[in-house]
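Single-structure report; data block below.
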Amino acid sequence: MTASSTTNETGDRPYIERNRRNLPAGAAFAWLKAGWRDFLTQPGPSLAYGLAVFAVSLAIVWGLYRLGYDYILFPALAGFMVVGPLLAVGLYEKSRALANKEPVSLARMIFVRPRSGGQIWFTGAILCGLMLLWMRAAVLIYALFFGLTPFPGLDHIAQMLFTTWTGWAMLLVGTAVGGLFAAFSFAISTFSIPMLLNEDVDAFTAMGTSISLVWNNLPVMIAWGIIVLALFLVSVATALIGLIIVFPLLGHATWHAYKAMR
């Protein structure tokens with residue numbers, strides 16, 4: 001046996017196998033079902049949490065519109081999915097408490113004490129940086145295709161995008177670039193935030209493990225990503241009102257996804 005094959009069998013392969021669960025794509029619906037069960041168990045704190053997320057999101061949207069920053073409204077909505085796992089940390093705490101048969105309260109969900117200490121907030125800062133970078137990239141993409149043309153406002157943006165070749169080209173490029181941002185943020189955050197809450201690890205170990213778990217379990221993770229995106233679009237279609245239910249549901253379900261993988 002050569003040195004390289006020894007390394008493959010005793011080094012890389014065990015690491016990969018530790019992070020491969022061979023779960024079917026349908027397991028994502030089991031996580032969603034478990035999240036719904038946690039939501040219905042003492043639903044008051046979860047509803048209050050979802051209502052708070054809805055109120056803050058609505059205030060941000062209203063503020064952007066009133067201040068004339070409506071041109072970054074759509075990138076900001078997309079960026080919400082980047083920082084969503086950090087905002088859901090209190091929901092992970094409720095699911096963790098229910099699993100351990102510990103008391104559940106809104107105060108405990110708000111004043112969370114992660115086992116990793118400040119590492120979770122360091123990861124959160126990285127996610128916020130990614131969101132700001134994506135918003136800046138979206139503005140640059142608009143400028144690349146439309147130059148100094150002022151943003152036409154929300155009432156006319158659909159006509160600009162869907163009735164011109166330039167608009168379609170910008171949508172294509174913007175979707176591709178946004179997809180890269182979304183895929184990267186999804187990979188580093190899906191499991192890292194719950195892990196930092198529940199385990200005494202550093203931020204880079206948690207993010208690296210999250211990437212490995214996502215990459216080595218692509219079928220179920222693609223299914224989970226589609227579910228998250230679909231429910232988020234439902235929330236947007238209901239003027240964000242759906243967040244009151246959808247956000248707590250996805251938060252609790254993400255905790256069960258983490259436990260299934262770990």
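General observations
- Of all the criteria given as (1) of a type outside the set (S, T, N, Q); (2) surrounded by 13 or more Cβ atoms within 10 Å (Cβ to Cβ); (3) part of a helix (DSSP H, G or I), the one not satisfied by A158 is (2).
- Those residues of segment 161-182 which are touching a residue at least 12 places away in the same chain (Cβ under 8 Å) and either within 21 Å of V228 (Cβ to Cβ) or not in a helix (DSSP H, G or I) (or both), in sequence order: G174, V177, G178, F181, A182
- None of S57, S46 is touching a Phe, Trp or Tyr at 6+ places or on another chain (Cβ under 6 Å) and either assigned to a helix (DSSP H, G or I) or crowded, with 16+ Cβ neighbours inside 10 Å (or both) except S46.
- For segment 183-210, the candidate set comprises residues that are in contact with a helix residue (DSSP H, G or I) (Cβ under 6 Å, 6 or more places away or on another chain) and small (G, A, S); within that set, the residue that is nearest to S95 (Cα to Cα) is S192.
- Check on T149, outside any helix (DSSP H, G or I) and either of a type in the set (A, V, I, L, M) or surrounded by fewer than 18 Cβ atoms within 10 Å (Cβ to Cβ) (or both): yes
- Filter result (surrounded by 15 or more Cβ atoms within 10 Å (Cβ to Cβ) and either touching a strand residue (DSSP E or B) at 6+ places or on another chain (Cβ under 8 Å) or more than 18 Å from G251 (Cα to Cα) (or both)) within segment 110-121: S116, Q119
- Matching residues, segment 93-115, being without any contact (Cβ under 8 Å) to a residue 12 or more places away in the chain and outside any loop (DSSP other than H, G, I, E, B): A97, A107
- If only residues of segment 202-214 that are closer than 22 Å to N22 by Cα and in contact (Cβ under 8 Å) with a residue 40 or more places away in the chain are counted, the one that is surrounded by the fewest Cβ atoms within 10 Å (Cβ to Cβ) is S212.
Rule-based calculations on the coordinates, nothing more; no lab input. Predicted model, so just to flag it, every value in this text is computed and none were measured. Virtual Cβ from ideal backbone geometry, glycine too; neighbours counted across all protein chains shown.
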